[in-house]
Every structure is written in C-alpha cells, then in structure tokens.
Amino acid sequence: IDATAGSSVTGYGWNFRDEALADPRVHQALMYAINRPALVSAFNAANGTIYNSFMTHAWYQKPEWADLYQFEPDRARALLEEAGWDSSRTVNVNVITLANEDIRAMVAAEQQMLADVGFNIQFQEMEAAVWVERFYTTYDFELVRVTFGVFPDPDGFLNFHLSTGSQNAFGYAN
C-alpha cells in the first residue's frame, strides 16, 4: 500500500521469511481490504496519490494500474480464504513511534479495515534505532509500516533492499 503526497511514501513491507506472509494472495488481500482513498481523504485532507508500488516515478507507472486494488473487502476475504489464512492469527507490525494523534487514528482505521476481512494486526511502536535493528539485523518483524522519501533513482533502493547481496531485510532476495 502506498500513498504519496509530495516526496514521501507510506506503505507496508512483508517479511518473506514467513511462508504464510509470503503468499501473494495475502498481499493482494491487504490491498483490497484497505480503503486507501478514504484514508487519504480523511487523514491527508485529500492530498495524495495512490500508487500500488513504492516506485512512484511517472516513467514506471502505467495508467491502467490506477484502477488496481480498489477497495473490495469481499475480494480480500476470498483471497485470504483461498490462501488458507488463519483469521485467528494476529500479525505484528513494527512501526517507528507514531508522531501524533492523527497518525494514531489513521493506523487504527487501517487496523479496523483489515480486521473486518479477517486479517488482524497489532502495531508494535518502537524507537527508530530499535526498528532499524529489528528490520536490518535481526529480521524480527512480520510486517513493517514505514514512511520514507521517494528515491529519484530507484536503483539504489532496489539494490539495497531487494537484490541478492543486499541488506535483504525483507527476505525477498532469498
């Protein structure tokens, strides 16, 4: 999930080392479960653009992608069922200490939308240094929710996070 306003992106990242969380149907379910336009409207004063990738660059985006992953909670439920998701499981989401009550309200709204389709999350707030250690060193996370700057050239981000020999925090390059 990515929404951007200006030069920052907010999204969730998966720990691919957990087989149940690595299932693409679970990722798709999360996308269908969250009403992203409603969140942007309610919490960003309608300022923001919805993207389906952290790669927000105009040269990368295709017009037909804009309609992907509209808010469809029934489709999210069906994908979770198809993936054999255990709806009694609670997934921990590491997040750097939330800055204010507006952000707390937004993550609570996301949490409720996901619970409504059977994907329960619990936010684990922590100082930035702890978050970084758990993400890059110990891989002690199931999901992360993070805001970061847009990279002018995404090659650095891709090499740092997703390629073999990279930091590989997501476990994606495995």
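The values are calculated or read from the model by the stated rules, or taken from the named source; none is laboratory data. Just so you know, these numbers come straight off a predicted model, no measurement behind them. All Cβ positions, glycine included, derive from the backbone under ideal geometry; neighbour counts span all protein chains shown. Accessible surface is based on the protein model in full, side chains and every heavy atom, while ligands, DNA and RNA are left aside. Shrake-Rupley method; radii C 1.70, N 1.55, O 1.52, S 1.80 Å.
Scanning the stretch 61-83 for residues that are surrounded by 15 or more Cβ atoms within 10 Å (Cβ to Cβ) and either aromatic (Phe, Trp, Tyr) or touching a Leu at 6+ places or on another chain (Cβ under 8 Å) (or both) yields TYR69, PHE71, ALA76. Scan the stretch 9-34 for residues that are open to solvent by 40 Å² or more (accessible area, probe 1.4 Å) and closer than 19 Å to ASP116 by Cβ and the total you get is 2. When the stretch 47-62 is filtered for residues that are among the aliphatic types (A, V, I, L, M) and at pLDDT 80 or above, only ILE50 remains. Scanning the stretch 114-147 for residues that are assigned to a loop (DSSP other than H, G, I, E, B), in contact (Cβ under 8 Å) with a residue 60 or more places away in the chain and over 12 Å from VAL91 (Cα atoms) yields ASP116, VAL117, TYR139.
Please indicate, with yes or no, whether at least one residue in the stretch 82-95 is in a helix (DSSP H, G or I), closer than 30 Å to ALA42 by Cα and either in contact with a strand residue (DSSP E or B) (Cβ under 8 Å, 6 or more places away or on another chain) or at pLDDT 95 or above (or both). No: the stretch 82-95 contains no residue that is in a helix (DSSP H, G or I), closer than 30 Å to ALA42 by Cα and either in contact with a strand residue (DSSP E or B) (Cβ under 8 Å, 6 or more places away or on another chain) or at pLDDT 95 or above (or both).
Within the stretch 84-113, the set of residues being under 22 Å from PRO24 (Cα atoms), in contact (Cβ under 8 Å) with a residue 60 or more places away in the chain and crowded, with 16+ Cβ neighbours inside 10 Å comprises TRP85, VAL91, VAL93, GLU110, MET113. When the stretch 35-73 is filtered for residues that are under 15 Å from GLN112 (Cα atoms) and acidic (Asp, Glu), only GLU72 remains.
Number of residues in the stretch 1-45 that are modelled with pLDDT of 90 or more and at positive phi equals 0. Filtering the stretch 80-87 for residues that are over 19 Å from LEU143 (Cβ atoms), over 16 Å from the mean Cα position of the chain (by Cα) and among the acidic types (Asp, Glu) leaves a non-empty set.
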